[in-house]
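Here, each number is a calculation from the coordinates, and none is a lab measurement. Since we're looking at a predicted model, the values are computed, not measured. Positions of Cβ are backbone-derived with ideal geometry, glycine not excepted, and every protein chain shown enters the neighbour counts.
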Amino acid sequence: YNRPTTIYFLPSGRIMNGSMISDWDDLPANTRLIIGYKGPFAVRKDHSAYRIAGAGYKELKTIYYLPSNRLLGGNRIQDFSRLQAGTLVFLPVAL
């Protein structure tokens, strides 16, 4: 829970990893998390999802955090050329 590879998505849109959180009692309701990830890596015109994640960009375990605060696995994205600016990518940490 308190490791850099546990990523918390607060309802406000703020993103923190477990090592950044000091007051666990103050974590808001509806906070979501993913365990075993590194990132975020921002998708940009010159930094595509494929460039960030390689061949795994379409995989379930590659997580995309959309500007609308939605989390989606790569297998749920229909058209990667239409990813919005501000989309963040989280990659699984090899264990």
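Each 5 Å bin from 0 upward holds the following percent of the Cα-Cα pairs of the chain: 3, 13, 26, 24, 18, 10, 5, 2, 0. A helix-only calculation puts the chain at -1000 deg cm²/dmol for mean residue ellipticity at 222 nm, using -39500 (n - 2.57) for each DSSP H run of at least four residues, averaged over all residues. If exposed trypsin sites (Lys or Arg not before Pro) are those in a DSSP loop with at most 16 other Cβ within 10 Å, what is the longest stretch of the chain that has none? Counting at most 16 other Cβ atoms within 10 Å as exposed, the longest clean stretch of the chain is 15-44.
At full extension, LEU72 and SER22 could sit 15.3 nm farther apart than now, given 0.36 nm per residue minus the alpha carbon distance. For the chain, averaging the sequence separation of C-alpha pairs within contact (under 8 Å, six or more residues apart) and dividing by the residue count gives a relative contact order of 26 percent.
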